[in-house]
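Trainee: Supplied in structure tokens, the structure appears directly below.
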Amino acid sequence: MADLIDANPGLKSRFTRTVNFPDYTDDELLRIFQLLGDRNRYSLSDDALARLRHLIAVEPRTRGFGNARFVRNLFETAIAHQATRLAPLTDPSDEQLTTLTADDIAPVDA
């Protein structure tokens, strides 16, 4: 944002305040993932929860870190992985269709 403001001298005088938003904590990011799951009727197995907790903990909080976007991308990737995992099954159970496992939880770029 600073680059944008600096690109036009007139903008600096119009935008005199800067608001910094701290990154979400690991627990908040985990809760956001769980809320996405709840809203879409998915639950996490214990191993999926542990894997998710680990991925959140090791994710670098660099300049491009997306906070909730990072978690949303993890969630969407997990749904895609689950679909691939269940595709060979002819009659998956409701529990299989609504439960994300550790196999479904993977880094977005994996």
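Please treat every number below as a calculation from the coordinates, not as lab data. Keep in mind the model is a prediction, meaning the values are calculated, not measured. Neighbour counts run over all protein chains shown; Cβ positions are idealised from the backbone, glycine included.
Trainee: May I have the extent of the alpha carbons of segment 22-107 along their three principal axes, as whole Å values ordered from largest to smallest?
Mentor: 45, 19, 19
Trainee: Still on this structure, please answer the following. Output the relative contact order of segment 23-100, whole-number percent, from Cα pairs under 8 angstrom with separation of 6+ residues.
Mentor: 46 percent
Trainee: Now for a separate question. Based on the mean of other Cβ atoms within 10 Å per residue, sort peptides 41-51, 69-79, 15-25, 93-103 so the most packed one is first.
Mentor: For the peptides 41-51, 69-79, 15-25, 93-103, the packing ranking is 69-79, 41-51, 93-103, 15-25.
Trainee: What residues qualify as long-range amide H neighbours of Leu100, i.e. H under 5 Å apart, gap of 5 or more or another chain, H built at 1.01 Å from N?
Mentor: HN-HN under 5 Å from Leu100: Ser43, Leu44, Ser45.
Trainee: Which value in deg cm²/dmol, rounded to the nearest 500, describes the helix-derived mean residue ellipticity at 222 nm for the chain, given -39,500 (n - 2.57) per DSSP H run of n ≥ 4 and division by the residue count?
Mentor: Using -39500 (n - 2.57) per qualifying helix, the result is -17000 deg cm²/dmol.
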